[in-house]
Amino acid sequence: MQSKNTSIRLTVLLFLVAGNFIFGQSSSLRKISGYVTHNKIPLQNVHVSVKDGSRKSVTDEKGYYFIEASKREIIQFSFMGMTQIEIVVEDVTKFLNVKMVKEVNSLSEVLVKGNKKEKPSEKEKLSKVSKISTVNGDIDVRNTPYNINIIKGEDLWFGATDLIEAMRGRVIFYGEGWDGIEMNKRIRLRPRTINSQNYAIWDIDGFVTEDLIYVDVADVDYIAVIRSPAATVKYGMRGSGGVIVVRTKSTRRKKRWKKELKEVRKSLYAYDAMAYKPRFFDTEYMKKLDVVPDNELYDLYKTLLSKHKNSPDFYLDVSDFFRIKKGKKKLSLKVLDDMEKVFDKNPEILKALAYTYDAMGEKKRAIDTYYKIIYLRPSYAQSFRDLANAYVKNKQYDEGWDMYMRYLQRGHKLENKGIEQIVYSEMHSLYSKKKEISEIKEAFIPKDNEDINESDLRIVLEWNTSEAEFNLEFVDPRLYTSTYENSLEKNSSRIADQKSKGYSSEEFFVYDTSGGDWLINITYLGNKKYTPTYLKAAVYRNWGRKNQTKEIRVFKLTQLNYKIQLFNFKPNL
């Protein structure tokens, strides 16, 4: 039986969702300012304008600008020789510090002293790749009886957002959709049969996966497309649909470094990624709190509050200090209560607060905070998913399912990317495990009969500001790495998708951890503001199984361009 407060809350929420009113939002113009740089050097005379509007500005000698814009408008940054940048204005946008990058020269022909530089023939290009390195051993291209389509990295389309798009026109795919590419970015190299979908798998630097992961197109050394069943037999049934082998330049360099340094993986990555430093050690106010007796801690906090009242970092740092170092959870919660009162209209700061409640196990407080966020941002897909997830964690399965259904009623889908994939995984799990003890009336049909929704690890990352940019590196037990970059420069289509649907989260699976340690590293690239980014990581071991466990950690990201180790996962024995 749900409580009276819960009933009232759901009734109010229904009104918010069903109506056409957008609460907490305004179409009034606001001043947006910041600095534009390239390689840390200020850029003068950068054209800053509102797309399809008359408001314009230019940067001064310090790279500074200001312009007026309203929510949902797009600000464009243009400068000769630089890639144009477009940023969607949100309800919290005040500062946008923009880093511009040089425009890639896409000319296929280069003129030198008036003479055309001849491009090498296809035969000359292919002769450079005589041996293909796969996870199951090398293939001698010159002596193999199988037909292998090889594409040099230099012949890919560098303007592509992923490898499939980069291969456009050079590989024939079979299936529905654009050039045979499925909506979930899986492809078929052979016609589909009655008994099998025949999806191709990827062998990316020795990391074998069915789903396409992000690879920097400019870093590709070569791609080898293998269609023959006989040639892919070593991959087992997974390779029955063909294999696309991708080798990058960085992996080739890494092998050379390993040979020269003669170091094991642990020492190599201890040098490459620094340990994460907890967020409450290096501030002046923390140094003061650290030297007073415990019975004076709260009084000193109140004294410091007069100076730091408008700094969300202050509250979160002090709260962590009280709870983690001093073991005073009640004092920690008092600090967070003060924070919530000051920033109750700022959804990004409330997100960081909700993350902290999640990590503390304060489930009801987290629900209340996520409810405030959905009131402020009813048009954001993330708002519905977060409140649904919070309800489920508090064992309010019916309320959680109801929020997921409202997510779908808003027109959002269940696809294999971004927020859609996260919601699908969680709805699948909730339906399969809790349907019998809840009042779920709808029927949930998995995507296919083989969808068992299990893995050794499921990692869900969420960040509190949509402007956050970072690079994630996954290192498997054999030292092979795969990357996911959340940035305008490398993954602009994903950023646009996040802004248009209103989410800032991503989901990752590791299906086999028995072979050794897995590492997850992050390189933080900034958020165009003067405030940190708070990253929440929910880690599920044995996802979808009876022995599933969950851990939540919150990271404060401040240092730019430093590789930090977030996790070191030991084998799942």
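The values are calculated or read from the model by the stated rules, or taken from the named source; none is laboratory data. The structure displayed is predicted, hence computed values, not measured ones. Note that we place each Cβ from the backbone using ideal geometry, even for glycine, and neighbour counts take in every protein chain shown. Just so you know, the surface numbers come from the protein's heavy atoms only, side chains and all, with ligands and any DNA or RNA stripped out. Shrake-Rupley method; radii C 1.70, N 1.55, O 1.52, S 1.80 Å.
Inside region 118-158, can you point out the residues that are of a type in the set (K, R) and either modelled with pLDDT of 80 or more or part of a loop (DSSP other than H, G, I, E, B) (or both)?
Answer for region 118-158, where residues must be of a type in the set (K, R) and either modelled with pLDDT of 80 or more or part of a loop (DSSP other than H, G, I, E, B) (or both): K119, K128, K131, R142, K152.
Each row is one residue, and each column tells you yes or no for (1) in contact (Cβ under 8 Å) with a residue 60 or more places away in the chain; (2) open to solvent by less than 40 Å² (accessible area, probe 1.4 Å); (3) aromatic (F, W, Y).
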| site | (1), (2), (3) |
| --- | --- |
| S493 | yes, no, no |
| K499 | yes, yes, no |
| S504 | yes, yes, no |
| G516 | no, yes, no |
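Only one of L430, L457 is crowded, with 20+ Cβ neighbours inside 10 Å, in contact with a Gly (Cβ under 8 Å, 6 or more places away or on another chain) and among the aliphatic types (A, V, I, L, M). Can you tell me which?
Details: L457 fails: in contact with a Gly (Cβ under 8 Å, 6 or more places away or on another chain).
Testing whether each residue is crowded, with 20+ Cβ neighbours inside 10 Å, in contact with a Gly (Cβ under 8 Å, 6 or more places away or on another chain) and among the aliphatic types (A, V, I, L, M) leaves just L430.
Among the residues of region 176-231, write down those that are modelled with pLDDT under 75, among the small types (G, A, S) and more than 27 Å from P145 (Cβ to Cβ).
G177
Which of the helices (runs of 4 or more DSSP H) found entirely inside region 353-437 contain at least 3 residues meeting this: of a type in the set (A, V, I, L, M) and within 19 Å of W463 (Cα to Cα)? Steps first, please.
Details: elements: 363-376, 381-393, 397-409, 418-434.
Ranges flagged: 363-376, 381-393, 418-434.
Condition (residue is of a type in the set (S, T, N, Q) and within 23 Å of T93 (Cα to Cα)) applied to region 532-546: is it met by at least one residue?
yes
Considering only region 529-542, I want to know if a residue exists there that is of a type in the set (S, T, N, Q), at pLDDT below 90 and open to solvent by 60 Å² or more (accessible area, probe 1.4 Å).
no
Within region 37-95, which residues are touching a Phe, Trp or Tyr at 6+ places or on another chain (Cβ under 7 Å) and either open to solvent by less than 10 Å² (accessible area, probe 1.4 Å) or among the hydroxyl-bearing types (S, T, Y) (or both)?
Of everything in region 37-95, those that are touching a Phe, Trp or Tyr at 6+ places or on another chain (Cβ under 7 Å) and either open to solvent by less than 10 Å² (accessible area, probe 1.4 Å) or among the hydroxyl-bearing types (S, T, Y) (or both) turn out to be V46, V48, S57, T59, G63, Y64.
Look through S482, S504, S493 and report the one residue that is under 20 Å from T83 (Cβ atoms) and among the polar types (S, T, N, Q).
Details: S482 fails: under 20 Å from T83 (Cβ atoms); S504 fails: under 20 Å from T83 (Cβ atoms).
Just one listed residue meets the conditions, S493.
State all residues of region 241-300 that are of a type in the set (D, E), modelled with pLDDT under 80 and farther than 26 Å from Y524 by Cα; if no residue qualifies, say none. Break it down stepwise before answering.
Step one: filter region 241-300 for residues of a type in the set (D, E), giving 260, 263, 272, 282, 284, 290, 294, 296, 299.
After this cut, where a residue has to be modelled with pLDDT under 80 as well, the list is 260, 263, 272, 282.
Hits for region 241-300 are E260, E263.
Working only within region 313-332, note down all residues that are more than 17 Å from P278 (Cβ to Cβ) and surrounded by 17 or more Cβ atoms within 10 Å (Cβ to Cβ).
Taking region 313-332 as the starting set, the residues that turn out to be more than 17 Å from P278 (Cβ to Cβ) are 330-331.
Matches in region 313-332: L331 only.
Would you check which residues across region 389-423 are closer than 23 Å to N486 by Cβ and not acidic (D, E) and list them? Don't jump to the end; show me each part of the working.
First pass over region 389-423, keeping only residues closer than 23 Å to N486 by Cβ: 389, 407, 412-423.
The answer is N389, Y407, H412, K413, L414, N416, K417, G418, I419, Q421, I422, V423.
Hand me the list of strands (runs of 3 or more DSSP E) wholly inside region 33-108 holding 1 or more residues that are in contact (Cβ under 8 Å) with a residue 24 or more places away in the chain. Give the derivation first.
On the way: elements: 47-50, 56-58, 64-69, 74-78, 85-88.
So the answer is 47-50, 64-69, 74-78, 85-88.
Name the single residue, out of those in region 333-352 being among the charged types (D, E, K, R) and part of a loop (DSSP other than H, G, I, E, B), that is least open to solvent (accessible area, probe 1.4 Å). Full working, then the answer.
Kept after step one, since they are among the charged types (D, E, K, R), are these residues of region 333-352: 334, 337-338, 340-341, 344-345, 348, 351.
Those left that are additionally part of a loop (DSSP other than H, G, I, E, B): 344-345.
Values: D344: 53, K345: 148 Å².
In this case the residue turns out to be D344.
Within region 196-217, track down each residue that is open to solvent by less than 20 Å² (accessible area, probe 1.4 Å) and among the hydrophobic types (A, V, I, L, M, F, W, C).
Those that are open to solvent by less than 20 Å² (accessible area, probe 1.4 Å) and among the hydrophobic types (A, V, I, L, M, F, W, C): A200, I201, W202, I204, V215, V217.
Against the condition open to solvent by less than 40 Å² (accessible area, probe 1.4 Å) and of a type in the set (F, W, Y), how does Y375 come out, does it pass? Please lay out each step first, then the result.
Working: open to solvent by less than 40 Å² (accessible area, probe 1.4 Å): no; of a type in the set (F, W, Y): yes.
Answer is no for this residue.
Pairs only if they're at least six apart or on different chains, beta carbon under 8 angstrom, first in region 439-453 and more than 29 Å from N198 (Cβ to Cβ) and surrounded by 13 or more Cβ atoms within 10 Å (Cβ to Cβ), second modelled with pLDDT of 60 or more and of a type in the set (F, W, Y); list them, first residue then second.
If the second residue must be modelled with pLDDT of 60 or more and of a type in the set (F, W, Y), the pairs left are I440/Y397; I440/W401; I440/Y431.
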